[in-house]
Amino acid sequence: MATDQARSDASEADTYDRFEERVQRISNVGNAAGILGWDQEVMMPDEGTPARAQQLSTLSSISHELLTADETGELLAELEGGETTASSREASGETASGDLESDQAAVVREIRRRYDRETSVPQELVEEISATSSNAHPKWKQAKEEDDFEHFAPTLEKLVDLKREYANHIDPDADPYAVLFADYEPYIDLETAERVLERLRENLVPLIDAVQDSDADLTTDAFAGAFDDDDQEALARDVLDSLGYDWGRGRLDTAPHPFSSGTQFDARVTTRFEEDDLLGSITSTIHEFGHANYTQGLPDDGYGTPLGEARDLSVHESQSRLWENHVGRSRPFWEHFLPIARERFPELEDVTPEEAYEAANQVHDDNLIRVEADELTYHLHIVIRFEIERDLIRGDLEVSEVPEVWNDKYEEYLGVRPETDAEGCLQDIHWSHGDFGYFSTYSLGSVLAAQLYAAAEDDCGDFDDGIRRGEFDELNGWLRENIHRHGKRYVTPDLIERATGEGLTADHFLAYVESKYGELYDLEDY
Ligand code: ZN
């Protein structure tokens, strides 16, 4: 008996090793593609595109072949318990990988999910979606430039149809929008997301109304002027130094649309510099720091498996928003950082921390453009996109109705009506990529940021004094301990529950914005 048991353990270990090696190969192919993608945005000469497109497409098919190969399916089935059927596992209360160590079971769970999704969609459909969105991009761009929705509409219709078909292959019985949402946010269910967004809409619309009616006179020109690019870059490096970015595992470059990418060993940041927007470059650098800092905090020994990968988009965005908003848009941060900024820009000599704080938190209540929105109105831009794309995918809204519905919702939620589709429904690139289900992760990330920040302060005490002194180790230590080091070990609701003691909730975000903006704008009812 003992010998049999030992033999069976040994063979399971061997199976897991073979499985892990395959997972690592898939991950390495993906990470190599990530570096090529970074290079394309940051370094590559303009005419490099034809070769780069082929290189990326080749890597993508190698990764797809490795993942969907029969051998992957066989290894998964063996690790999940061979002949044991799902229902008997359920009856005995075991997880799908009941015999494995819990970390190994988490890796199996994550790869099983990807395997099931990728094997259920025919490759021709994946290629058709990819080709259609490649063609959609120039059409969208021209439509936006010429303010001509009709030019983009037929392609958008086709993308909606294709994505619906895609969802149908994955789960013909499910709400297709829920299936698409799960591509970006696999473990938060759509009902939870809808509930959070609904609460944001119900509470932010009156709060923004009150801000619009306020007589408060915020100082908004603290950062007016022209600021040299090289000095802005030096200041962006100061920001990253100050927050604790690990330069041994990262670098800073510029990109027109800032992003960060990489692995725990090499997590890079990009930012942008515009002569008249110093504040924008500072906040964008802090935002990307939050993403890269999460990546740098993933465990080294998990590299190459889901244990060393970030948990999905909302959690990633919670990290960038936490640093950008809860730290970078706070009073104590400006008390700490303004003297550093003055070293680079003596013209800020007369700006006070309070003025910097007010400038960083001004509500742009007549703004139509999502990427220029403030911390408060931002979420209504997201709610509008969420509602429209959900109804499109469910077949409750026709593509031809989008411009009108878009404008009506802007009027209803934000009190502004776009005069053109270019500054209305054509402003974002996402739908031209076929990305339906993505937008809400921005808002879910902000909501989670507030929840995590509140939980961290519960555990560690108020961070204000530390931030004022430029000390961020305690906050970062809490994030490392509760979020970063876990990678994808826990599904998102469990990760959130373990870190904060409750499920995802908008409570903390609403309390935070109501108190912050109530005070800034002298609002009686807040
Ligand atoms: Zn982000």
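The values are calculated or read from the model by the stated rules, or taken from the named source; none is laboratory data. Remember, it's a predicted structure, so these values are computed and weren't measured experimentally. We place every Cβ from the backbone using ideal geometry, glycine too, and count neighbours over all the protein chains shown. For accessibility, only protein heavy atoms count, side chains too; no ligands or nucleic acids. Shrake-Rupley method; radii C 1.70, N 1.55, O 1.52, S 1.80 Å.
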Checklist outcome for this item: In this structure, the FRET efficiency calculated for Gln54 and Asp525 from their beta-carbon separation, with R0 = 51 Å, to the nearest 0.05, is 0.30
Checklist entry - Against the longest principal axis of the chain, how steep is helix 229-243, in degrees 0 to 90 to the nearest 10, with axes from Cα atoms? => result 60
Next on the checklist: Given a 1.4 angstrom probe, I'd like the percentage of the accessible area of region 330-416 that is carbon and sulfur, rounded to a whole number.
Outcome noted: 40
Item to check | Positive-pole candidate from Ile35, Ser260, Ser11, dipole of the chain, charges at beta carbon | outcome: Ser11
Item to check | Low-density loop positions, GluC sites (Glu not before Pro), region 279-371 - DSSP coil, at most 10 other Cβ in 10 Å | outcome: Glu349
Next on the checklist: Compute the helix-to-body angle for 123-146: its Cα long axis versus the longest principal axis of the chain, expressed 0 to 90° and rounded to tens.
Outcome noted: 10
Checklist outcome for this item: By the mean-Cβ-within-10 Å protection proxy, highest first, 456-469, 154-167 rank as 154-167, 456-469
Checklist entry - Ignoring ligands, DNA and RNA, what accessible area per residue does the chain give at 1.4 Å, in Å²? => result 44
Checklist entry - By how many degrees, between 0 and 90 and to the nearest 10, does the Cα long axis of helix 102-120 differ from the longest principal axis of the chain? => result 90
Item to check | Computed lengthening from Asp276 to Asp39, 0.36 nm per intervening residue step minus Cα-Cα distance | outcome: 82.6 nm
Item to check | Mean Cα-pair separation over length for the chain, i.e. relative contact order, pairs under 8 Å, 6 or more apart, % | outcome: 19
Next on the checklist: Could you work out [θ]222 nm for the chain from helices alone, using -39500 (n - 2.57) per DSSP H run of at least four and dividing by all its residues? Round to the nearest 500 deg cm²/dmol.
Outcome noted: -20500 deg cm²/dmol
Item to check | Fraction of accessible area attributable to carbon and sulfur, region 164-284 (%, probe 1.4 Å) | outcome: 40
Next on the checklist: Ordering Thr500, Thr492 by accessible area with a probe of 1.4 Å, largest first, what comes out?
Outcome noted: Thr500, Thr492
